[in-house]
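The values are calculated or read from the model by the stated rules, or taken from the named source; none is laboratory data. For clarity, every value in this text was computed on a predicted model and none was experimentally measured. Cβ atoms come from the backbone with ideal geometry, glycine included; neighbour counts cover every protein chain shown.
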Amino acid sequence: MPASETRFCAYCGGSANVRAVGRMIGACVARGWRRLCVVGGSPHSRTELQRLVGGALELKLVDGTASRSRGQARSDLAWADVVVVWGSTQLDHRVSLLYKGPNVVQMARRSIQEVAREVERAAAGGR
């Protein structure tokens, strides 16, 4: 039986992030994607994203303020089914500029919910 209000939902407890990440995981699995690389975001946001994803997808979370070589970025791009460059967060241009290619999603919103929506959209073929 559906909850009378989202805050009473047994699945998400009213959390937009939980709902969005759940949809993202479903879309990735349906597309056959298992590996997600996220470049940028605050340490807290990356930790929360990892917690929400759990073991449903393999994650590589890249600190957007730490020095990164071209080779490391190439390795990340080859490893991941999709790479999210999380703009408008803690992300230096010297890092973000290393991540280009057909499996890269660029975004400029800050929330985990928006990251999940962009990945879900990309998995559905709407990049």
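Report whether or not V83 is within 18 Å of R31 (Cβ to Cβ) and surrounded by 19 or more Cβ atoms within 10 Å (Cβ to Cβ). Please lay out each step first, then the result.
Details: within 18 Å of R31 (Cβ to Cβ): yes; surrounded by 19 or more Cβ atoms within 10 Å (Cβ to Cβ): yes.
Yes.
Do you know which of the residues in the stretch 76-115 that are among the basic types (K, R) and either touching a residue at least 40 places away in the same chain (Cβ under 8 Å) or not in a helix (DSSP H, G or I) (or both) is farthest from Q50 (Cα to Cα)?
So the first thing to find is which residues in the stretch 76-115 are among the basic types (K, R), and the list is 94, 100, 109-110.
Imposing the further condition that a residue be either touching a residue at least 40 places away in the same chain (Cβ under 8 Å) or not in a helix (DSSP H, G or I) (or both) reduces the set to 100, 109-110.
Working: K100: 23, R109: 18, R110: 16 Å.
Step by step, filter the stretch 76-115, then rank; the result is K100.
In the stretch 1-49, which residues are at pLDDT below 95 and acidic (D, E)?
Selection gives E5 alone.
When you go through (1) closer than 13 Å to V119 by Cβ; (2) surrounded by 13 or more Cβ atoms within 10 Å (Cβ to Cβ); (3) of a type outside the set (S, T, Y) one by one for A30, which number turns out not to apply?
In the conditions (1) closer than 13 Å to V119 by Cβ; (2) surrounded by 13 or more Cβ atoms within 10 Å (Cβ to Cβ); (3) of a type outside the set (S, T, Y), A30 misses (2) alone.
Within the stretch 87-101, track down each residue that is at pLDDT 95 or above and either under 18 Å from A116 (Cα atoms) or surrounded by 18 or more Cβ atoms within 10 Å (Cβ to Cβ) (or both).
Within the stretch 87-101, V95, S96, L98, Y99 qualify.
Search the stretch 53-71 for residues that are of a type in the set (A, V, I, L, M) and pair each with any residue that is surrounded by 10 or more Cβ atoms within 10 Å (Cβ to Cβ) and part of a loop (DSSP other than H, G, I, E, B) when their beta-carbon atoms are under 8 Å apart and the residues are at least 6 apart or on different chains.
Close Cβ pairs satisfying both conditions: L57/W33; L57/R34; L61/G41; V62/G40; V62/R68.
Condition first: in a helix (DSSP H, G or I) and over 21 Å from R110 (Cα atoms). Now tell me which residues in the stretch 28-75 satisfy that. I'd like the intermediate steps shown before the answer.
Of the residues in the stretch 28-75, the ones in a helix (DSSP H, G or I) are 28-31, 43-53, 70-75.
Within the stretch 28-75, V29, A30, R31, R70, G71, Q72, A73, R74, S75 meet the criteria.
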